[in-house]
Structure formats: C-alpha cells, structure tokens
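What follows is a set of notes on a single structure, which appears directly below.
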Amino acid sequence: MPSIVSLSSLSRSEFDRQKKSFSCTNKDLENYISQYAFGHQKEGLFQTYLYCDDEKKFLGFISFTVATIEREVADGNIDIPSSIMYSIPAIKITRLCAFDTHCGQGVGTTLMQFAHILAVVQQKKIGCRAIIVDSKHEAIDFYKQFDFIEINKEEGSDTVFMIYDLLKPRELVDIIPSMIKFCDRYNQHDISGVLRA
C-alpha cells in the first residue's frame, strides 16, 4: 500500500540508505533532501514528508513550515472580513519534488492533496486560512492547477509568491470524508483522526 511518511519517522541510517536513490533534475531540491532535510526536521524548522510506493521506494517529497501573510497582501486574495486587521495564519510549502523516475505520474498531485489536508488539520488545531509558496517560474502552472494565484512577481527574482485561499471550516464539511479516505489510504491515521473530530 502506498504511504506518506514523516521524515522524523525514519532513523538516520534508514534515511541515508534510501537517499542514495534520490535523483532530481533540480539539483537544489536533490541537495536539500539529501543534505539538509533531516537536520532541519531534527531542529524543528521544517516538516518533510516522503511519498512511498507499495515497495517502500520513495517517489518524492514535500516540506512545510508555518507562516503568516501580511493583511495588505491578503486583501482581495483571501476571503477574510475587512475588520480583521492582523496577519493571516498559513502553512508554507518550502519544497516539493517528484523524483526524476516518477515525474508525470501523479506524485506532485498526491503531495498537493496532502498539503491541502495538512492545512485543514492546521486550521482545525490552531488556525490556518491559506497555503503559500514561493514558486520557481517553471512550477507556476503546476500550482495554478490547484487554484493558487500569483501575488508578487518581483523583478529579477527567481520565485513568484503564490497563495491558495483555504476554505472556511463550514465550507469544508462536504470534502472532509474524501480527505479521511485519502489519509486512510496513505497511512496517515493520526491526521484522519483529527479530521474525524
């Protein structure tokens, strides 16, 4: 059965054994997962999850951190009442990668579905109204497939700030059952428990 596993659930030796097979055209992403992700997870800076197939082979990964969006950036981009004047809580996708041999096979889509579910869990636990990403230019169209909108294109920057406006809790009721089914399929029972609550 395929699964999504937290990097923190792996021992360092198991991770070191597995990382030899990681290959990504984007060498920054390959270097991150091979050299920095484990240490960042250990320090509590980012949370990285790996997508595994039935044979426990890693197909890709996604990393997150908590973030906020300044109120003026949120205006017109997130459905928040104008009376709320403070920063808006969000989760940030810091890295997303399908390893080379699995590009175009739905790995990125599965990890984005997981990102959406994780944002909903964050919303239920402590508050979250958006998912944000500093997208590389070549990934903008990928994120647009998931209803992210471009916010800021700085001249000379190699990234574009993008936002996904997470539904409000009352608007999520109809899709929670499909999220629970996803979590059960990918061995995320602790998360499905939060969604059921």
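The values are calculated or read from the model by the stated rules, or taken from the named source; none is laboratory data. Being a predicted model, the structure only gives us computed values, none of them experimental. Note that we place each Cβ from the backbone using ideal geometry, even for glycine, and neighbour counts take in every protein chain shown.
Being on the phi < 0 side of the Ramachandran plot, touching a strand residue (DSSP E or B) at 6+ places or on another chain (Cβ under 9 Å) and either in a strand (DSSP E or B) or surrounded by 14 or more Cβ atoms within 10 Å (Cβ to Cβ) (or both): is that true of F182 here? No: the conditions fail for F182. Cβ-Cβ distances below 8 Å connect the following pairs, each with a first residue in segment 168-190 that is over 28 Å from P81 (Cα atoms), a second residue that is hydroxyl-bearing (S, T, Y) and part of a helix (DSSP H, G or I), and a separation of six or more residues or different chains: I180/S192; C183/S192; D184/S192; Y186/T110. Does any residue of segment 22-43 turn out to be free of Cβ contacts under 8 Å to residues at least 12 places away in the same chain, over 17 Å from A98 (Cβ atoms) and in a loop (DSSP other than H, G, I, E, B)? Yes, there is a match, as at least one residue in segment 22-43 is free of Cβ contacts under 8 Å to residues at least 12 places away in the same chain, over 17 Å from A98 (Cβ atoms) and in a loop (DSSP other than H, G, I, E, B).
Kindly establish whether S13 is modelled with pLDDT under 85 and more than 30 Å from G127 (Cβ to Cβ). Taking the combined requirement at face value, the residue does not satisfy it. With respect to I84, is the statement that it is closer than 21 Å to A119 by Cβ, at pLDDT below 90, surrounded by fewer than 18 Cβ atoms within 10 Å (Cβ to Cβ) and among the hydrophobic types (A, V, I, L, M, F, W, C) true? Spelling it out, I84 is indeed closer than 21 Å to A119 by Cβ, at pLDDT below 90, surrounded by fewer than 18 Cβ atoms within 10 Å (Cβ to Cβ) and among the hydrophobic types (A, V, I, L, M, F, W, C).
Among the residues of segment 67-76, at least one is surrounded by 19 or more Cβ atoms within 10 Å (Cβ to Cβ) and either closer than 20 Å to I93 by Cα or touching a Pro at 6+ places or on another chain (Cβ under 9 Å) (or both). In the set (1) crowded, with 17+ Cβ neighbours inside 10 Å; (2) of a type in the set (G, A, S); (3) outside any helix (DSSP H, G or I), G104 fails one condition alone, (1). Residues in segment 107-121 that are within 22 Å of L195 (Cβ to Cβ) and touching a Leu at 6+ places or on another chain (Cβ under 9 Å): T110, L111, M112, A115, H116, I117, A119, V120, V121.
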